[in-house]
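Please read the structure below before turning to the comments.
The values are calculated or read from the model by the stated rules, or taken from the named source; none is laboratory data. None of these values were measured; they are calculated from a predicted model. No Cβ is skipped: glycine too gets one built from the backbone with ideal geometry, and neighbour counts run over all protein chains shown.
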Amino acid sequence: MSNNEDWTIEDAERLYSVGRWGGGYFEIGENGNLHVTPDLDNKDIRIDFKAVLEEIKEEGIQLPVVVRFHDILRSQVEKLNETFRRTMNDAEYGAQYMGVYPVKVNQMREVVEEIVDAGKPFNYGLEAGSKAELITALAYNTNEDSLTVLNGYKDEEFMRLALLARKLGRKVIVVIEKFSELLLLVKIAKELDIQPIVGLRSKMTVKGRGKWEGSGGDRAKFGLTISEIIKAARYLESEGMGDTFKLLHFHIGSQLTDIRAVKEAINEGARIYAELYRMGFKLDYVDVGGGLGIDYDGSKSTNDSSRNYSMEEYVADVVFGMKEVCDLEDVPVPNLVSESGRAITAHHSCVVTQIVGEIRANSAEIDTKEEDDEHILVSNMRDLALGVDQQDNLQEIFNDASQWKEQAIDAFKLRVVTLEELAKIETLYWQIMVKLRHRTRDAEFVPEEMQELEYTLSSQYLCNFSVFQSAADTWAIDQVLPVVPITRMNERPTVNCSLVDITCDSDGKIDQFVIENGVSDVLPMHPLRSGEEYYLGLFLTGAYQDVMGDMHNLFGRLNEVHIFSYDDDPQDFYIEEVVPGSSVENVLSIMQYHPSSMAQTVKRMIDRKVSEGIMNPREGVKWTDFYEQCLAGYTYLKQK
């Protein structure tokens with residue numbers, strides 16, 4: 001049905017599942033636009049996303065853009081910390097929560113700054129897994145009461161930086177991933193006469209659930225076996241540094257889908273901690289790692305893109321699970337550390353792009369009227385198209401149409417069928433398929449081949465962005481990201497489509513979408529209107545997607561717009577900062593080209609044509625300026 005009389009906002013919500021994946025931050029407004037509530041504690045602030053786009057256009061900012069809602073970042077930091085505090089209080093847990101944000105999840109300066117600032121009241125720190133991230137943490141995690149946890153493999157320079165941080169009074173914990181690292185750390189610490197804080201990472205027998213379940217188990221990339229942990233602890237003791245061993249760390253995978261994995265890991269980790277404590281190693285911290293998942297598809301299930309638990313349930317299982325084991329083993333509970341980066345950052349950032357065109361398999365229909373002496377295949381296909389509505393055996397119609405189309409292609413190759421006749425057959429074939437799709441939508445049984453008609457006949461909406469740059473995980477690991485139109489959700493969507501980007505790569509597409517109670521290979525969208533822009537948002541891109549993009553086809557970073565809520569503003573928001581995306585000369589320089597030299601080369605070629613009289617001087621100047629303007633311009637399509 002194309003009318004909107006019986007289409008409601010509830011229907012739109014059921015279709016696009018915004019309330020299920022939006023975490024309370026996103027919802028569909030009564031006007032059909034996507035609305036944002038960036039602070040869960042202040043429901044009075046409600047931003048119409050269309051108003052954000054209108055201001056972006058007024059400011060002359062080109063799409064596609066990354067839109068960051070910094071208040072969502074702050075809200076998630078506060079929510080995680082307050083949930084731990086509240087749960088610990090309910091459990092009468094006799095220690096603190098000392099969370100850290102893993103910088104690798106989103107290393108953007110503005111993101112790290114916002115998280116550190118929001119985390120100050122909670123002594124919320126940072127986790128670094130590389131030398132560059134440690135250098136970042138040293139400069140930005142200046143709260144002496146918060147932790148800086150160092151994971152990943154380390155060299156001598158890495159260790160010296162960590163010890164410099166200790167000299168500056170920071171609570172920097174070096175987590176040992178392999179025994180040889182401990183030998184290096186002890187050597188340098190004694191040389192510099194600086195007391196380190198040491199953590200040992202356990203290679204857990206428990207495995208996670210989901211795409212990254214390989215982070216645990218015997219084949220895990222990081223960590224020490226139980227025998228290696230004991231050996232390392234005894235080595236520190238023999239070196240007179242037994243009291244530097246303060247943290248036990250374990251991690252069983254990112255995006256844990258099943259809460260049972262959390263329960264099992266906490267139970268195993270707590271028992272290791274208890275035994276080490278009773279062996280005489282008075283640990284202060286247990287770091288339960290990352291893994292707090294995001295419900296990307298809104299199904300609240302154990303699908304790879306979902307989770308079957310809430311943040312509150314996750315925290316409760318960590319706190320109560322640790323306390324239960326410690327009480328049974330009669331050891332004091334440790335301070336708890338977690339590295340929940342995805343849960344902190346995913347919701348705050350999204351990519352907004354406009355649709356720049358539509359691609360349909362049957363878009364170029366031609367006149368199929370009967371001609372004298374036309375080939376029998378054309379006549380057969382026309383008769384079949386005219387009789388679709390009068391026949392009941394839909395499978396037979398499908399088989400005949402498919403067979404005649406194949407025969408027509410073979411006949412064309414043999415010069416039996418003309419190009420115009422082949423075009424008529426192709427047009428009639430698609431007309432038949434459209435009628436078959438319509439008739440099978442309400443059928444009780446649809447043959448397997450005909451089930452693919454919905455996808456085959458779906459449109460492809462051409463989006464002004466690069467999947468490889470802005471949604472790398474959808475291509476690399478089949479991660480599902482919610483995709484929603486920003487406006488018109490009070491209208492019935494009548495076009496089933498997949499999305500393709502403007503790269504020249506056939507993998508530059510998105511054909512897995514969150515709809516209703518599952519994932520579909522087509523997304524119902526609205527028909528494009530002449531002269532009216534149609535915007536799409538890719539959501540939950542704040543974790544990893546922001547920083548994983550490459551230079552495929554030399555498309556660079558997107559323009560960024562940072563949104564802050566402001567209750568006194570009529571629109572409840574203001575644009576706090578605009579971060580320009582990559583220009584063409586930026587991405588060329590990264591790839592070792594020399595834009596200034598390239599401009600000179602092109603200018604010389606234009607000057608030569610001017611001297612030869614092929615161009616006049618005024619025209620030559622214009623073309624030279626145009627080339628230089630293109631070098632300085634945005635890498636994406638410019639919409640007028």
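Residues of the range 262-293 being farther than 19 Å from residue 323 by Cβ, of a type in the set (Gly, Ala, Ser) and buried (at least 19 other Cβ atoms within 10 Å of the Cβ), which ones?
290, 291, 293
How many residues does the range 527-557 hold that are part of a loop (DSSP other than H, G, I, E, B), of a type in the set (A, V, I, L, M), touching a helix residue (DSSP H, G or I) at 6+ places or on another chain (Cβ under 9 Å) and closer than 19 Å to residue 50 by Cα?
Number of matching residues: 1.
Restricting attention to the range 27-38, which residues are in contact (Cβ under 8 Å) with a residue 24 or more places away in the chain and within 23 Å of residue 494 (Cα to Cα)?
28, 30, 31, 32, 33, 34, listed by residue number.
Going by the conditions given, is residue 90 within 25 Å of residue 337 (Cα to Cα), assigned to a helix (DSSP H, G or I) and free of Cβ contacts under 8 Å to residues at least 40 places away in the same chain?
Considered against the rule, which asks whether it is within 25 Å of residue 337 (Cα to Cα), assigned to a helix (DSSP H, G or I) and free of Cβ contacts under 8 Å to residues at least 40 places away in the same chain, residue 90 comes out as yes.
Give me the residue from the range 304-318 that is part of a loop (DSSP other than H, G, I, E, B) and of a type in the set (D, E, K, R) and, out of that set, nearest to residue 513 (Cα to Cα).
304
Could you please let me know if residue 14 is within 27 Å of residue 518 (Cα to Cα), touching a Gly at 6+ places or on another chain (Cβ under 7 Å) and among the charged types (D, E, K, R)?
no
Can you tell me which of 567, 546, 572, 505 is surrounded by fewer than 19 Cβ atoms within 10 Å (Cβ to Cβ), of a type in the set (Asp, Glu) and either closer than 23 Å to residue 348 by Cβ or touching a strand residue (DSSP E or B) at 6+ places or on another chain (Cβ under 8 Å) (or both)?
Exactly one residue qualifies, and that residue is 567.
Which of (1) surrounded by fewer than 23 Cβ atoms within 10 Å (Cβ to Cβ); (2) closer than 19 Å to residue 569 by Cα; (3) touching a residue at least 12 places away in the same chain (Cβ under 8 Å) is the odd one out, the single condition residue 85 does not satisfy?
(2)
With the structure loaded, tell me whether residue 241 is surrounded by fewer than 21 Cβ atoms within 10 Å (Cβ to Cβ) and either under 27 Å from the mean Cα position of the chain (by Cα) or modelled with pLDDT of 95 or more (or both) or whether it fails that test.
When the stated conditions are applied, residue 241 passes them.
Is it true that residue 47 is at pLDDT 95 or above and either over 21 Å from the mean Cα position of the chain (by Cα) or more than 17 Å from residue 347 (Cα to Cα) (or both)?
Yes: the conditions hold for residue 47.
Could you pull out the residue among 376, 359, 355 that is out of contact with any strand residue (DSSP E or B) (no Cβ under 6 Å at 6 or more places or on another chain) and either assigned by TED's automatic domain parsing to the domain that holds residue 260 or over 30 Å from residue 76 (Cα atoms) (or both)?
One residue alone meets the criteria, 376.
Taking the range 479-507, which residues are touching a residue at least 60 places away in the same chain (Cβ under 8 Å) and farther than 21 Å from residue 14 by Cβ?
479, 500, 502
From the residues in the range 153-170 that are in contact with an Asp or Glu (Cβ under 7 Å, 6 or more places away or on another chain) and surrounded by fewer than 21 Cβ atoms within 10 Å (Cβ to Cβ), which one is farthest from residue 202 (Cα to Cα)?
So, considering only residues that are in contact with an Asp or Glu (Cβ under 7 Å, 6 or more places away or on another chain) and surrounded by fewer than 21 Cβ atoms within 10 Å (Cβ to Cβ), the one farthest from residue 202 (Cα to Cα) is 169.
Picking from 513, 539, which residue would you name as being in contact with a Pro (Cβ under 6 Å, 6 or more places away or on another chain), among the hydrophobic types (A, V, I, L, M, F, W, C), closer than 18 Å to residue 27 by Cα and at pLDDT 90 or above?
Exactly one of 513, 539 is in contact with a Pro (Cβ under 6 Å, 6 or more places away or on another chain), among the hydrophobic types (A, V, I, L, M, F, W, C), closer than 18 Å to residue 27 by Cα and at pLDDT 90 or above, namely 539.
Quick one: what pairs do we get from the range 61-74, first residue part of a helix (DSSP H, G or I), second of a type in the set (Ser, Thr, Tyr), C-beta under 8 Å, 6+ apart or different chains?
Sorted first by the residue in the range 61-74, then by its partner, the pairs are 71/565; 72/25; 73/345.
Any idea which of 431, 395 is touching a residue at least 24 places away in the same chain (Cβ under 8 Å) and over 24 Å from residue 371 (Cβ atoms)?
Unique residue meeting the criteria: 395.
Could you list, in sequence order, the residues of the range 435-446 that are in contact with a Leu (Cβ under 8 Å, 6 or more places away or on another chain) and surrounded by fewer than 16 Cβ atoms within 10 Å (Cβ to Cβ)?
443
Do you know which residues across the range 116-158 are among the hydroxyl-bearing types (Ser, Thr, Tyr) and in a helix (DSSP H, G or I)?
The answer is 136, 140.
When the range 319-362 is examined, which residues are found to be among the polar types (S, T, N, Q) and part of a helix (DSSP H, G or I)?
345
Take residue 428 and decide whether it is surrounded by fewer than 14 Cβ atoms within 10 Å (Cβ to Cβ), of a type outside the set (Ser, Thr, Tyr), at negative phi and at pLDDT 90 or above.
For residue 428, the condition - surrounded by fewer than 14 Cβ atoms within 10 Å (Cβ to Cβ), of a type outside the set (Ser, Thr, Tyr), at negative phi and at pLDDT 90 or above - is not met.
Quick one: would you say residue 619 is farther than 19 Å from residue 54 by Cα, free of Cβ contacts under 8 Å to residues at least 60 places away in the same chain and touching a helix residue (DSSP H, G or I) at 6+ places or on another chain (Cβ under 7 Å)?
Judged against the criteria, residue 619 is not a match.
Inspect all residues belonging to the range 120-138 and state whether any of them is touching a His at 6+ places or on another chain (Cβ under 7 Å) and under 13 Å from residue 344 (Cβ atoms).
Checked the range 120-138: no residue is touching a His at 6+ places or on another chain (Cβ under 7 Å) and under 13 Å from residue 344 (Cβ atoms).
What are the residues in the range 365-389 that are more than 48 Å from the chain's Cα centre (by Cα) and of a type in the set (Lys, Arg), if any?
Across the range 365-389, the qualifying residue is only 369.
Of the conditions (1) surrounded by 17 or more Cβ atoms within 10 Å (Cβ to Cβ); (2) modelled with pLDDT under 90; (3) out of contact with any helix residue (DSSP H, G or I) (no Cβ under 9 Å at 6 or more places or on another chain), residue 463 fails just one. Which one is it?
Checking residue 463 against (1) surrounded by 17 or more Cβ atoms within 10 Å (Cβ to Cβ); (2) modelled with pLDDT under 90; (3) out of contact with any helix residue (DSSP H, G or I) (no Cβ under 9 Å at 6 or more places or on another chain), the one that fails is (2).
Is the range 617-630 home to any residue that is modelled with pLDDT of 95 or more and aliphatic (A, V, I, L, M)?
Yes, the range 617-630 contains a residue that is modelled with pLDDT of 95 or more and aliphatic (A, V, I, L, M).
Looking only at the range 1-52, how many residues end up being surrounded by 15 or more Cβ atoms within 10 Å (Cβ to Cβ), part of a loop (DSSP other than H, G, I, E, B) and of a type in the set (D, E, K, R)?
2
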